[in-house]
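Student: I have a structure here, written as structure tokens, and I will follow up with some questions on it.
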Amino acid sequence: MMRGNGVVSASVGSEEPYILFPVICLERQLLLSPEKVERLKRIEELKLERNQLQDQIQEELRNEAKYKKKLAKKLRDKKQIEDQLEPSPGMYSSDMDISC
């Protein structure tokens, strides 16, 4: 049985009473003007370009996260070195008078 929306339905067996088959109407395909075909091609090109840009953005975000992690590690290491080199309190205090 053909439906108006281009779908054929058939009753097969008792388990699956309705199986739908898509039907391509040749009349609909012929209605595409050359301008519409060019627009569809352009849309596909733009989709491809968009996907490539999204991939580049994802790669840049991964690189940014990697470099932020490296920077955080270097800053922690620098702080640790500065803490080790910091003189202990009172070592150079002015309360130790060495005047004679």
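The values are calculated or read from the model by the stated rules, or taken from the named source; none is laboratory data. Just so it is clear, the structure is predicted and the values come from calculations on it, not from any experiment. Positions of Cβ are generated from backbone atoms using ideal geometry, with glycine treated the same way; all protein chains shown enter the neighbour counts.
Student: It is to be established whether one or more residues within the range 23-34 are in contact with a strand residue (DSSP E or B) (Cβ under 9 Å, 6 or more places away or on another chain), at pLDDT 60 or above, surrounded by 10 or more Cβ atoms within 10 Å (Cβ to Cβ) and in a loop (DSSP other than H, G, I, E, B).
Tutor: Yes; the residues of the range 23-34 include at least one that is in contact with a strand residue (DSSP E or B) (Cβ under 9 Å, 6 or more places away or on another chain), at pLDDT 60 or above, surrounded by 10 or more Cβ atoms within 10 Å (Cβ to Cβ) and in a loop (DSSP other than H, G, I, E, B).
Student: From the list Tyr92, Tyr67, Tyr18, exactly one residue is modelled with pLDDT of 95 or more and of a type in the set (Ser, Thr, Tyr). Which is it?
Tutor: Being modelled with pLDDT of 95 or more and of a type in the set (Ser, Thr, Tyr) holds for just one of Tyr92, Tyr67, Tyr18, which is Tyr67.
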